[in-house]
1. Sorting Y198, Y192, Y186 on the 10 Å Cβ count, fewest up front, what's the list?
2. Using the beta-carbon distance between N63 and Y192 and R0 = 22 Å, what value does 1/(1 + (r/R0)^6) give for FRET efficiency, to the nearest 0.05?
3. Given a cut-off of 24 Å, name the pairs among K178/K320; K96/K320; K58/K247; K79/K108 whose C-alpha atoms lie farther apart than that in the structure shown.
4. Label points 7 Å out from Cα along the Cβ direction at A172 and Q158: separation in nm?
5. Sorted from fewest to most neighbouring beta carbons within 10 Å, what does the list V39, V171 look like?
Amino acid sequence: MMKSNPLKHYTTIARWICLLLMACQVEAAHRILFTFGKVEILKTDSQDGNQVWTFLTKKELVNDNDLIRIPPRGLLRLKRNDQELLPTLPGGQENKVSNLIQAGLARKKQGRYVNQNLNEQPAIDVLPLESKPTGVRSKSRPMPPDMYRRISDAELVQFRRQLDALPDHIVAQFPAPKVDNQTNRYPSTNIYLAQILYPFCTQIASRPQPTDAGRSGPVTSADQRLGLLYAQLLHHFKIPTDLALNKSGDLLVLFNSGMIASEAERLSANTSLSRLPGFVTSTLVSRLGNDGNKADQGETNQLRVSEGNQIWLAIQFSPKWNFTTAWYTASEANGNH
């Protein structure tokens, strides 16, 4: 009677284990069922290290570490492990797939409705809220009188003069962040700092800051004060920063992303996000004092951003938004097809 070969037995077991691991890896991929808007993805499994943003498509498989960016009015639905259907995820966020999965599971646990009959056609629960038929008009809420106050060009000059006037008590509240100086990956150091500084500003009780003459400055609303504070913090951490106005006279914070024009695809597949709005770029002049040269003493009502080869981003700050929504809003990139 022939004796069994123990080595052959262990080899067979090892092969089965490898097959099971491979099957688990395939199962761990999550399938995109539906997207609304220009949803983007940054794949982390690029073999050549050339990680660029692309637009996400239906039925595409994604992995836990992939980064997804959903525009403010966008929507996303996916299947966990290509099996468990999760509720629709809202827009205005940039997150890893693993975090989106956890958010979907939390929404499902809360009893959010999930349409199990979703095949090739979008169901009513995955469409934007404004797409649902309704006969009820939403009542407008009274807004503070200074909420939509238009800022003049002269006041914008005063804003710029306060970029160096960051209060010491604000600096003391924010510990020096640890950053990774790998400039060939997203996010760059500048964008990473801008992302973590944004929620910090929303938690600060803002107060008016005096001008050089000791009088109350032009900033009157809470959003404007926090927007200026955000710009001051970016400037404090050595990020080239400037201020501008949009077409409605709202304050915009501009900062250097730390990426050059040839790296735009590493920043976004949406070209509106990787460049300043047209009404901003039409008035660009050199940014005084941010390029190492001595700043002129004269005042100007033009933007001081340095065009160069750098990609500058625009942010319209609001404590009700996150960084992603503020970025889309200022860039006039609504994210819709």
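1. Y192, Y186, Y198
2. Working: r = 22 Å, r/R0 = 0.99.
The computed FRET efficiency comes out at 0.50.
3. K178/K320; K58/K247, as the Cα separations exceed 24 Å there.
4. In this crude spin-label approximation the distance works out to 2.8 nm.
5. Values: V39 23, V171 13.
Arranged by neighbour count, lowest to highest, V39, V171 become V171, V39.
Laboratory data are not the source of any read-out in this text; all were calculated from the coordinates shown. On a predicted model such as this, the values are computed, not experimentally measured, just so you know. Cβ: placed from backbone, ideal geometry, glycine included. Neighbour counts: every protein chain shown.
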